[in-house]
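For reference, the structure is listed below as structure tokens.
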Amino acid sequence: MNLDKKLKILISSAKYDVACSSIYLKNRNFLNLGYSSKCVPLLKVLFSNACIYDCAYCINRKSNNIPRATFSVNELVNITISFYKKNYTKGLFLSSAIIKNPDYTMEQMIKVVKKLRTKEKFNGYIHLKIIPGVDEKLIEEAGLYADRLSINVEFPTKKSLKFLAPDKEPESIQKPLIVSSKKYIETISEVKKYKHAKLFSPAGQTTQLIVGATPESDKKILSFADKLYKDYKLKRVYYSAYIAVNYDKKLPTTSESQIRENRLYQADFLIRLYNFRIEELFEKSERLDLKIDPKTKWAINHPEFFPIEINSASYDELIRVPGIGIKTAKLIIKARKLSSLNFDNLIKIGVLLKKAKYFITCNGKKYNNLERSTPLFSINFSKEEDKTECFSL
Ligand code: SF4
């Protein structure tokens, strides 16, 4: 098979992994290249799609009759370097189906990243997937060359994992998480003590959960994600709406809605960055509302908390207002030290007034243009948002 065809197959086979759609670079040599804090593309590819496992939800499972391909180490190294030099990509996201066994697969992937770093002096970003069930030593080696490691936990319960991925033992996923987070934490303290110590997997580790292939509620998924963040110091949990690529009686026949995936991201942000407790987002149901974002929903359900006076509210109160984010709350606090703020000032600061106006006052006054006759509870907030606004909390 020629290399172009192989590349096409192995890029296409990687597209269902969401654990890295793009990256924000703040470190390494990109600073020298002028790419500081910029969203950049990665070459997202599998080393092989010829899997020996048979996970029900996966396009690459062994029982599917699809074109199969496997790179050699040199082929993938050369492609990565060529794309990088032509400025097509700024890094590599490398995953793989399991060929022969987990250790053999991981060894091939490590050979690729090791050669890139040591022989080719590749300074681009590398995100490397850990294969479930690999030896501890291979995880330790992977973290020396990759910026970020990740392992897909896939489901929030062992029962669901065993049901849909019968070849994967829950322990084969948990152990790499433990090893890699322990190593990461160890090297953080070494870096503080010794000048030349190097961080293990400096951009930390992430995971992915599939949503909608199994019956777990949003509350269950977010509670599990919260535990993952705390137990393994994860940088991110990615939620992937189930896509029906296979026919299998174990699976739903239709794909999960993208809106549910967006709601989970919004709720995840509220819990991690906005000090919401999980219970606050699930007061009446274990599912998030698909018609309205969780922060606005909470605000509507808690009229006793509002209106918030912009010129005196605390930071914690400000970030509870729909349309005011972390950045804008900080700017409000800074700006009001100089003079009291009005609604025009808030627009300039970046507050989403179309949402916030229902929940705030400026110097005791409500927003002038707000039609008093429109009761808050009859406003259809869902019309005001679209998918691109999913992080506008
Ligand atoms: S091990 Fe990975 S590639 Fe193989 S079938 Fe399961 S999910 Fe797909």
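From the set of residues in segment 134-167 that are open to solvent by 20 Å² or more (accessible area, probe 1.4 Å), closer than 19 Å to residue 216 by Cα and assigned to a loop (DSSP other than H, G, I, E, B), which is farthest from the ligand (Cβ to nearest atom)? Among those that are open to solvent by 20 Å² or more (accessible area, probe 1.4 Å), closer than 19 Å to residue 216 by Cα and assigned to a loop (DSSP other than H, G, I, E, B), it is 157.
Restricting attention to segment 188-239 and to residues that are among the acidic types (Asp, Glu) and under 19 Å from residue 151 (Cα atoms), the residue that is most open to solvent (accessible area, probe 1.4 Å) turns out to be 231. Among the conditions (1) open to solvent by 30 Å² or more (accessible area, probe 1.4 Å); (2) among the basic types (Lys, Arg); (3) closer than 27 Å to residue 6 by Cα; (4) in contact with a Pro (Cβ under 8 Å, 6 or more places away or on another chain), the only one that residue 86 does not satisfy is (4).
Of the residues making up segment 92-133, those that are within 16 Å of the ligand (Cβ to nearest atom) and part of a loop (DSSP other than H, G, I, E, B) are 96, 97, 98, 99, 100, 101, 130, 131, 132, 133. Please verify whether segment 2-24 includes one or more residues that are at pLDDT below 90, away from the ligand (no atom under 16 Å from the Cβ) and on the phi > 0 side of the Ramachandran plot. No, segment 2-24 contains no residue that is at pLDDT below 90, away from the ligand (no atom under 16 Å from the Cβ) and on the phi > 0 side of the Ramachandran plot. Quick check on segment 265-281. Is at least one of its residues more than 30 Å from residue 237 (Cα to Cα) and surrounded by fewer than 19 Cβ atoms within 10 Å (Cβ to Cβ)? No, segment 265-281 contains no residue that is more than 30 Å from residue 237 (Cα to Cα) and surrounded by fewer than 19 Cβ atoms within 10 Å (Cβ to Cβ). Looking at segment 245-266, which of its residues are farther than 14 Å from residue 218 by Cα and not basic (Lys, Arg)? The answer is 245, 246, 247, 248, 251, 252, 253, 254, 255. When segment 301-358 is limited to residues that are acidic (Asp, Glu) and open to solvent by 50 Å² or more (accessible area, probe 1.4 Å), the one that is farthest from residue 281 (Cα to Cα) turns out to be 344. Residue 392 - would you say it is within 23 Å of residue 222 (Cβ to Cβ), at pLDDT below 95 and part of a loop (DSSP other than H, G, I, E, B)? For residue 392, the condition - within 23 Å of residue 222 (Cβ to Cβ), at pLDDT below 95 and part of a loop (DSSP other than H, G, I, E, B) - is met.
Here residue 178 meets each of (1) away from the ligand (no atom under 14 Å from the Cβ); (2) of a type in the set (A, V, I, L, M, F, W, C); (3) crowded, with 22+ Cβ neighbours inside 10 Å with one exception, condition (3).
Under the condition of being closer than 17 Å to residue 180 by Cα and surrounded by fewer than 16 Cβ atoms within 10 Å (Cβ to Cβ), the residues counted in segment 102-113 number 1. Scanning segment 359-369 for residues that are open to solvent by less than 40 Å² (accessible area, probe 1.4 Å) and part of a loop (DSSP other than H, G, I, E, B) yields a single hit, 359. Taken over segment 241-259, the criterion of being open to solvent by less than 20 Å² (accessible area, probe 1.4 Å) and under 19 Å from residue 291 (Cα atoms) is satisfied by 241 alone. Just to be sure, is residue 60 of a type in the set (S, T, N, Q) and crowded, with 16+ Cβ neighbours inside 10 Å? In short, yes. When you look at residue 222, is it at pLDDT 95 or above, more than 16 Å from the ligand (Cβ to nearest atom) and assigned to a helix (DSSP H, G or I), yes or no? In short, yes. Going through segment 114-133 one residue at a time, which ones are among the β-branched types (Val, Ile, Thr) and surrounded by fewer than 24 Cβ atoms within 10 Å (Cβ to Cβ)? Hit for segment 114-133 is 118, nothing else.
The values are calculated or read from the model by the stated rules, or taken from the named source; none is laboratory data. If you're wondering where the values come from, they're calculated on a predicted model, not measured in any experiment. Virtual Cβ from ideal backbone geometry, glycine too; neighbours counted across all protein chains shown. When the accessible area is computed, the model is the full protein with side chains, heavy atoms only, and any ligands, DNA or RNA have been set aside. Shrake-Rupley method; radii C 1.70, N 1.55, O 1.52, S 1.80 Å.
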